[in-house]
Structure formats: C-alpha cells, structure tokens
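Quick note: the coordinates plus some simple rules give every number you see, no bench work behind them. Values in this document were obtained by computation on a predicted structure and should not be read as measured data. So basically every Cβ, Gly included, is an ideal-geometry build from the backbone, and we count neighbours across all protein chains shown.
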Amino acid sequence: GQDNALVYGEESPEARASLVALAAKAIAGLRAAGFPLCPGGYMATRWQGALDGWGDRFRGWLENPTPQALLEASIFFDFRAVHGHLDVSPLRAVAARAADARTFLSAMAKSAVTFRPPGGLALRLRSDSSQFDMKLKGISPIVFLARVYGLESRSRTSNSLDRLRAAVEAGLITKDSCDTLSEAYRFLLRVRLRTQIRAISEGRPPSNLVSLSDLSSMERSRLRDAFRAIEVWQERASYHFRTDLF
C-alpha cells in the first residue's frame, strides 16, 4: 500500500489548502495506477505539515519512543523526497540523531525482535499442508532489525541489504553474518515471489502464505537455515542493544 507524506516550507491557511488538495490528487492517481491505499492511513492527506512541525515530530519520536512513536518513526525516518524543491536536510539531520539515541534504538530493536521466525522443531513437526506467512515470519524480522542497524550506522539508504553492508562497515556485525543474512533474505523473497506469481497465474489473489508442500526438500533445508540465521542474529542484537533494560 501507499506510504507518503506532505512537507511544505511555512504554515499558512493558503499553503495548507492548496497542498492538501494536491496530496489528495496524487493519492488518487497512485490508487488508479494500482497502489492501494494504506490501511493505517499513513498518507499525505493526513500526514502533512510545515517543515518545522515535522522536525518537532521527529524529535518527539526520538525523545519518547512509545510503541506508536516507534511505528511512526519506522515509516517516516525512511522518507525520500519525490517531488518539489524544498530542502529537507533539517529532517535528515534530526533522523541522524537516532544513531546516538540509545534508548530509542533499544526500544526499536526490542520491537523488531518480537517478529520471530518459527523454530526448527516447529518446522520439523508441521505437516506438508502447513503454511507460513513468509513476510511476517521471515522477511519482516530482517527488514525491521536491519532498519535499527542502519540508524546506528548512520546509513542513508532504505534498502535492507545496503543497511546490512553499512553495519559491517561500521563494525556492528561481521561480514559472515551479513553474507548469511543477505542470502537468507534473497531466498525468502524468491520463494514469496514465486508463490505469488503462481497464485496470480491460477486466478487467485497473491498472499504471503507459503505451503511447505510447495517446497522441495532442499528448499525446506534452506528455509530452516534461513530461520536459524535470523534467530541467531536476533539473539546477538538483543544483547547489543540491551533490549532487556528497556
């Protein structure tokens, strides 16, 4: 779905009226092009305001990392300017402060590691008809935790693999860990994409559910290895970010 926001230079009734109308038009255009509306409402018709106001929002998330603040920060700290000439470097500067905000990073890491893959025993006991949500159980744990490492390493990218590489360069994880997690991430994405393409070809709506029966014995082995790599990384991250103290 769509995730977007509107930032303008200075607050005024005229600016708000004209730019909110523009946001509504852009969102409608994206929807017509096949991008569904964000179920959580994180779109520019609601999330909009002057640059100073956005700076206050960013600082508020860093200073008071409540669960809602962490959710909002995880969305909007990944922002990219897609239109207009407004200098948004002040927002990037505030977001960069997350690297030194240990309480914020600890809270975000604790939230990230709640997305856990199935354990090895669960995989062995489940029948061929069992299904896994590949996004929730495999892809999201990597994406969410890579975001935290990306913030600590002051990476400007929103790409998960690039964030892992930045964490290596910053000395936060080893190259072996980066390579293992990157391969796990690519494998999980390939399996999900293949499953979704098959569903579309059969006239079914695509989903993130993957059946064990659709995987070869080698792929099941790789799946177990991928989940185990994520578990090990989450354990190390919990210690690194001291999530037990938050």
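Quick look at the numbers
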| item | result |
| --- | --- |
| Label-point gap, in nm, between residue 225 and residue 245 - each point 7 angstrom along Cα→Cβ | 3.7 |
| Inter-label distance for residue 32 and residue 14, nm, one decimal - labels placed 7 Å from Cα along Cα-to-Cβ | 2.9 |
| Added length on full extension, which subtracts the Cα-Cα distance from 0.36 nm per residue, residue 80 to residue 136 | 17.7 nm |
| With at most 15 neighbouring Cβ atoms within 10 Å, loop trypsin sites (Lys or Arg not before Pro) (DSSP) excluded, longest segment of the chain | 157-241 |
| Rough spin-label spacing in nm, given labels placed 7 Å along Cα→Cβ, for residue 216 and residue 179 | 2.3 |
| FRET efficiency for residue 197 and residue 157, using Cβ-Cβ distance with R0 set to 30 Å, rounded to 0.05 | 0.65 |
| Contour excess over end-to-end distance, with Cα ends at residue 189 and residue 207 and 0.36 nm allotted per residue | 5.2 nm |
| Prolate/oblate/rounded call for the stretch 79-187, Cα gyration tensor, a/c under 1.5 rounded | prolate |
| Model label zone, residue 59; criterion: amide N under 14 Å from point 7 Å along Cα-to-beta-carbon; scope the stretch 1-17 | none |
| The chain: DSSP helices with Cα axial extent of at least 30 Å and average Kyte-Doolittle hydropathy no lower than -0.5 | 175-201 |
| MRE, 222 nm, helices only [DSSP H, n ≥ 4, -39500 (n - 2.57), over the chain, to nearest 500] | -18500 deg cm²/dmol |
